[in-house]
Amino acid sequence: MNDDYAHWVTVPTRWKDNDLYGHVNNVVHYSLMDTAINEWMIRSAGFDPGTAEVIGLCVESHCSYKAEVAFPEPIQLGLRIGRLGRSSVRWEVGLYRPDGTLVAEGHFVHVFVGREDRRPVAVPEPIRAEMEKLVAPGRPDGDG
């Protein structure tokens, strides 16, 4: 693991994650990134996705694939925030093999909205306070 990321989680791959080519299929990478983000939101920021009045909706996602990985290798995911705005956050995720090989890099942009009206709102203060701990050094932390 490297110091570029503030939070780490290890996720096991599953037999069904491999595709016909014998490696973890590309769509699994997105699912793993989403898992790392939501694991952090729930455990570290106290977010309750079932009852929260304010939720984060994904408005953009991207993944660059660097190396193959296959079941039964676990994947270590590093998480940081590249940009924290008033109502949005850009999550940056690195996916690594246990030997440190970079498998993929990606990002998700979430906009926080009211659960009922789906209108943008400020990131709730308790969540923002925890998010600030993940902002990557030298990255913008302004309105957005």
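The values are calculated or read from the model by the stated rules, or taken from the named source; none is laboratory data. Quick caveat, the model's predicted, so the values are computed rather than measured. What goes into the accessible areas is simple: the full protein's heavy atoms, side chains included, and nothing from ligands, DNA or RNA. Shrake-Rupley method; radii C 1.70, N 1.55, O 1.52, S 1.80 Å.
Taking Cα atoms only, the orientation of helix 26-43 departs from the longest principal axis of the chain by about 50 degrees. Here segment 11-124 has 52 percent of its accessible surface on carbon and sulfur atoms, given a 1.4 Å probe and all protein chains in place. Computed per residue of the chain from DSSP H runs no shorter than four, each worth -39500 (n - 2.57), the mean residue ellipticity at 222 nm is -5500 deg cm²/dmol. Diffusion coefficient (Stokes-Einstein, Kirkwood radius over C-alpha pairs, 25 °C, 0.890 mPa s) for segment 91-130: 192 µm²/s, rounded to a whole number. When the P(r) of the chain is calculated, the portion above 17 Å amounts to 60% of the C-alpha pairs.
Using the Kirkwood radius built from alpha carbon pairs, what does the Stokes-Einstein equation give as D for segment 1-60 at 25 °C and 0.890 mPa s, in µm² per second?
Details: Rh = 13.8 Å.
Result for D is 178 µm²/s.
Using only alpha carbon pairs under 8 Å that are at least six residues apart, calculate the relative contact order of the chain and give it in whole percent. After rounding, I find 30 percent.
What's the Cα-based Rg to Rh of segment 72-144, Rh via Kirkwood? Display every interim value, and only then the final one.
Values: Rg = 14.5 Å, Rh = 13.5 Å.
Answer for segment 72-144: 1.07.
Normalised per residue, the accessible area of the chain is 54 Å², obtained with a 1.4 Å probe and no contribution from ligands, DNA or RNA.
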